[in-house]
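Participant: The structure is given below, and queries will be raised subsequently.
Just so it is clear, none of the values below were taken in a lab; they were calculated from the coordinates. Only a predicted model underlies this, so the values are computations on that prediction, with no experimental measurement involved. Positions of Cβ are backbone-derived with ideal geometry, glycine not excepted, and every protein chain shown enters the neighbour counts.
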Amino acid sequence: MGKLLLVEDNILLQETTRELLEAFGHQVLTAGNGKDALDIMVGHFSEIDLVILDLTLPDIGGEILLGLLARDFTGVKVVLCTGSLVDDHLQQHQAVKGFLAKPFDLGELRRTVDLALAG
């Protein structure tokens, strides 16, 4: 299984998703905003297999954060998580390996993460 960074500002959704991912056998680090996510990446990039990134964050927009992650952490894999439509240019981004539409179910979470880790 993989080591994941879950970037989600909604604490209830963050904890629930973390628990589900851990039940699937993953190790999960969490961040509630973009700054914390970048700090975690600096300290743990070599260990992190996948970032699950909410596109709506309180400090740095998810689209901007995606660009920073791709620029500063070569080869990073990202699954975008959002409650709204994803722009076409984000769907074509090299780092993006999948999408989770909120609200997502257990099966969708597992399939998306498994496919992103494999890709």
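Participant: What is the distance, in nm, between label points placed 7 Å from the Cα along the Cα-to-Cβ direction at residue 11 and at residue 102?
Facilitator: Using points 7 Å along Cα→Cβ, the separation is 1.6 nm.
Participant: Points 7 angstrom from Cα along the Cβ direction at residue 93 and residue 110: gap in nanometres?
Facilitator: So the label points at residue 93 and residue 110 sit 2.8 nm apart.
Participant: Let me ask something else about it. Quick one: length gained pulling residue 23 to residue 68 fully straight, 0.36 nm per residue minus the C-alpha distance?
Facilitator: Computed gain between residue 23 and residue 68 is 13.2 nm.
Participant: Cut-off 10 angstrom, C-alpha nodes, Gaussian network model of the chain. Which of 74, 82, 17 fluctuates the most?
Facilitator: 74
Participant: Take the Cα radius of gyration of the chain and divide it by 2.2 N^0.38 Å, with N its residue count; two decimals is plenty.
Facilitator: Here the answer is 0.93, to two decimals.
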